[in-house]
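The values are calculated or read from the model by the stated rules, or taken from the named source; none is laboratory data. None of the values given here were measured: they were computed from a predicted structure. Using ideal geometry, Cβ is built from the backbone for each residue, glycine included, and neighbour counts are taken over all protein chains shown. These accessible areas exclude ligands, DNA and RNA; they are computed on the full protein's heavy atoms, side chains included. Shrake-Rupley method; radii C 1.70, N 1.55, O 1.52, S 1.80 Å.
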Amino acid sequence: MTKGELLYEGKAKQVFATDDPALLIQRFKDDATAFDGTKKSSISDKGVVNNAISSQLLALVDKGGVKTHFVRQIDDREMLIRSLDMFLVEVVMRNVAAGSICRRYGTEEGITFAEPILELFYKSDPHHDPLMNREHVIQFGLCTAPQLDEIETSARRVNEILSEFFTSIGITLVDFKLEFGIAGGEIMLGDEISPDTCRLWDSETGKKLDKDRFRFDLGDVEGAYQEMLARVTAGSDGA
Ligand code: UDP
């Protein structure tokens, strides 16, 4: 596999072409941003950790029956992925109240929802990724109604797969964000699954082991990411 030109650079990742038009290389950076890009820094080896965690979790999700863009890990910072046309929708699944849902509705952090809550956001930096409902998503043409049905079913299944896995390694999966795309008419999960995109709390102590340590200056951000990598790797080896 030959690495080609840089096609896209986001806040935390770069995407490169390959000699196969159906495949791309996703490279994870150490750069960290929060609060709509207003807080910027870098977290040492975050890219290495997120590539390794994401590779393991995407493989787990695939095994659980939800097709993803993951092909294989290439090296410590890169993975080979299928090229998808991404939908401009972010799907957030919430098991426990934290983050924007608390700010939006005054919900107390840490409350476990009776059923997981699925939220849709418009992936648009100029509009600051606003919350949307199904009718917005469909009428604004971000995807069709049958596509959204499939995306929502997949997101709920991903939540089941990940929740079971994280429970097995002593972690509460509080919430996470997914992005889907389509290739050859098939909808697949894209992007990453990592401490950048999930809220992960130690089940015993409640310690936050995710990007909230960076967002709110909770200290030892690197240590938390490394701990998550060690726990995910130990859990995957045992799976
Ligand atoms: N999230 C993400 N990218 C985004 C927005 C949210 O990965 O652009 C993740 C975030 O890390 C958390 C979940 O989605 O795990 C829900 O985020 P929330 O809506 O609470 O927003 P936040 O409090 O992070 O602003």
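General remarks:
- So residue 32, is it in contact with a Leu (Cβ under 8 Å, 6 or more places away or on another chain) and within 27 Å of residue 219 (Cβ to Cβ): no
- Taken together, the residues in segment 11-26 that are surrounded by fewer than 18 Cβ atoms within 10 Å (Cβ to Cβ), part of a strand (DSSP E or B) and within 16 Å of the ligand (Cβ to nearest atom) amount to 0.
- Restricting attention to segment 111-139, the residues that are open to solvent by less than 60 Å² (accessible area, probe 1.4 Å) and either of a type in the set (Lys, Arg) or more than 26 Å from residue 38 (Cα to Cα) (or both) add up to 6.
- Verdict on residue 148 being in contact with a strand residue (DSSP E or B) (Cβ under 7 Å, 6 or more places away or on another chain), farther than 27 Å from residue 171 by Cβ and open to solvent by less than 80 Å² (accessible area, probe 1.4 Å): no
- Matching residues, segment 207-239, being surrounded by fewer than 17 Cβ atoms within 10 Å (Cβ to Cβ) and within 13 Å of the ligand (Cβ to nearest atom): 215, 216
- Test: residue in segment 133-156 that is touching a Pro at 6+ places or on another chain (Cβ under 9 Å), within 11 Å of the ligand (Cβ to nearest atom) and touching a residue at least 24 places away in the same chain (Cβ under 8 Å): no
- Residue within segment 95-106 that is more than 30 Å from residue 4 (Cα to Cα) and among the β-branched types (Val, Ile, Thr) present: yes
- Hits in segment 27-48 (condition: open to solvent by less than 10 Å² (accessible area, probe 1.4 Å) and either under 15 Å from residue 188 (Cβ atoms) or more than 15 Å from the ligand (Cβ to nearest atom) (or both)): 47
- Test: residue 175 is out of contact with any Asp or Glu (no Cβ under 6 Å at 6 or more places or on another chain), of a type in the set (D, E, K, R) and within 13 Å of the ligand (Cβ to nearest atom): yes
- Qualifying residues in segment 86-130 (those that are more than 17 Å from the chain's Cα centre (by Cα) and assigned to a strand (DSSP E or B)) - the one farthest from the ligand (Cβ to nearest atom): 114
This table checks each residue for (1) surrounded by 17 or more Cβ atoms within 10 Å (Cβ to Cβ); (2) of a type in the set (Ser, Thr, Tyr); (3) in contact with a Cys (Cβ under 8 Å, 6 or more places away or on another chain).
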| site | (1), (2), (3) |
| --- | --- |
| 97 | yes, no, no |
| 175 | yes, no, yes |
| 184 | no, no, no |
| 189 | yes, no, no |
| 197 | yes, yes, no |
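- Applying the criterion of at least 1 residues that are more than 28 Å from residue 15 (Cα to Cα) to the strands (runs of 3 or more DSSP E) found wholly in segment 131-205 leaves 171-183, 198-202.
- Looking only at segment 54-95, and only at residues there that are touching a Pro at 6+ places or on another chain (Cβ under 9 Å) and under 16 Å from residue 118 (Cβ atoms), the one that is surrounded by the fewest Cβ atoms within 10 Å (Cβ to Cβ): 95
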